[in-house]
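Heads up, the thing below is written out as structure tokens.
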Amino acid sequence: MLSTHSRFVGTGYYVPERIVTNHELSEVMDTSDEWIVERTGIRQRRWVPEGMTGAEMARRASMMALTDGDLVPADIDAIVLGTLSPDHFFPGTGVFLQRALGLEGVPCLDLRAQCSGFVYGLSVADAWIRSGQYETVLVVGVEIQSTGLDMSTRGRDMAVLFGDGAGAAVLQATQNENQGILTTRIHADGRHAEILWAEAASSSHHPRIDAKMIEEGRHFPTMEGKEVFRHAVTRMPEAVLEVLGENGLEPDDIDLLIPHQANLRISQMVQRRLGLSDEKVFNNIEKYGNTTAATIPIALAEAVREGLVNRGDLVCMVAFGSGFTWGASLVRW
Ligand code: COA
């Protein structure tokens, strides 16, 4: 008997209309287009308008993914949503998305794996589908970074990197052994938790945040950029080789690698370490910056629409982020 696993039946994304260029940032902090492009490859990012929520961006991306798969919200059996910027401390953004989709009863799992949120989500959704628990699972990555960054020179190393957006994919059970998710492997190493984090607001402080903490900027995310870079360019190739190796495949077999869009220089180094040619690696960071959990599903949805992903292709998605967390998913499209 053929074993059940998941295949992608639809992809979608949504990014806010407002484009923020590097030049615009250089008007509010000491930075420059040259510095940002040279170090990161980013030329612009999107920011949400006042009132736009993560749940609403997730709804738009999800509807696009459902329509792409000729499905309607009522077909969804479960929602997995990755974000590090939830609309509220609790409940998770997943239930707001569920409500916006007009659903009730189906489970909503918010995942806190930062930039690896979508790959973690694929792992969970595929496991549910393989176990027979659910047949159709919506996996979403959504992020609003712009409302949480330090837009002064103090925060420039972080502020220039991040953007807002949402991406979604619908996974469905299949028994076709020539199609679908082959393997997803996820990892974490909490020894490095504070290298890339937002300390507050926090339940370990009483009160969770106060005026002094805000004055000190402890509610803004901070990062040791060089350390993050160093770990990312090691862990990402490692994760790709792990999922390939489990399937008896080599980097050369990959048709399209979709790396988490953290920094073009990271993606280029990962590409070099895997010996892949330019046309086999998808990059859109120049348009959107790092949208954390949303980069991979946005990139996947764009790659599909650009005709870069076709039936039978071997697609590999690989992520690395705060935690540290990382992982890769290998898919026969
Ligand atoms: N504009 C101008 N100058 C900036 C700047 C900005 N936006 N951000 C930092 N600088 C300055 C620093 O203050 C420093 O100045 P100094 O030499 O006078 O002290 C100088 O540029 C070099 O900073 P450094 O941090 O050493 O730069 P870097 O070469 O490591 O590049 C990153 C910084 C953030 C681009 C790089 O470390 C990186 O990409 N790291 C990975 C980040 C990432 O991907 N995070 C998310 C992972 S999911």
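Derivation of every value follows stated rules applied to the coordinates shown; laboratory data play no part. Computed from a predicted model, the values in this text were never measured in an experiment. Cβ coordinates were reconstructed from backbone atoms using ideal geometry, including for glycine residues, and neighbour counts include every protein chain displayed.
Data table
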read-out	value
Gain on full stretching of the segment that runs from GLN133 to ARG272 - 0.36 nm per residue minus C-alpha separation	46.1 nm
Gaussian network model of the chain, springs between alpha carbon atoms under 10 Å - residue of GLY245, GLY289, GLY54 with greatest fluctuation	GLY245
For PHE162, residues with placed amide H under 5 Å, excluding near neighbours	ASN290
If the convex hull is drawn through the Cα atoms of the chain, its volume per residue in Å³	132 Å³
Cα centre as origin, Lys/Arg/Asp/Glu Cβ charges: the chain dipole, Debye	260 debye
Volume of the Cα convex hull of the stretch 77-158, divided per residue and given in Å³	87 Å³
Degrees, to the nearest 10: 264-274 long Cα axis against longest axis of the chain	40 degrees
Cα convex hull of the stretch 129-230, projected area averaged across orientations, nm²	10.1 nm²
Among PHE282, PHE90, PHE118, residue whose mean-square fluctuation peaks in a GNM of the chain (springs only between Cα atoms under 10 Å)	PHE90
Proxy reagent accessibility, fewest Cβ within 10 Å first, across GLU227, GLU34, GLU302	GLU34, GLU227, GLU302
Computed FRET value (nearest 0.05) for ILE19 with HIS206, which takes r as the C-beta separation and R₀ as 35 Å	0.30
Degrees separating the helix 54-68 axis from the principal Cα axis of the chain, which is the longest one	30 degrees
Rg(Cα)/(2.2 N^0.38 Å) for the stretch 194-279, N = residue count	1.56
Relative pair counts by distance (%), Cα atoms of the stretch 5-174, 10 Å bins	11, 37, 29, 16, 6, 0
Degrees, to the nearest 10: 295-305 long Cα axis against longest axis of the chain	50 degrees
Counting DSSP beta bridges with both ends in the chain, the antiparallel % (nearest 5)	70 percent
Residue-averaged [θ]222 nm for the chain, counting only DSSP H segments that reach four residues, each worth -39500 (n - 2.57)	-9500 deg cm²/dmol
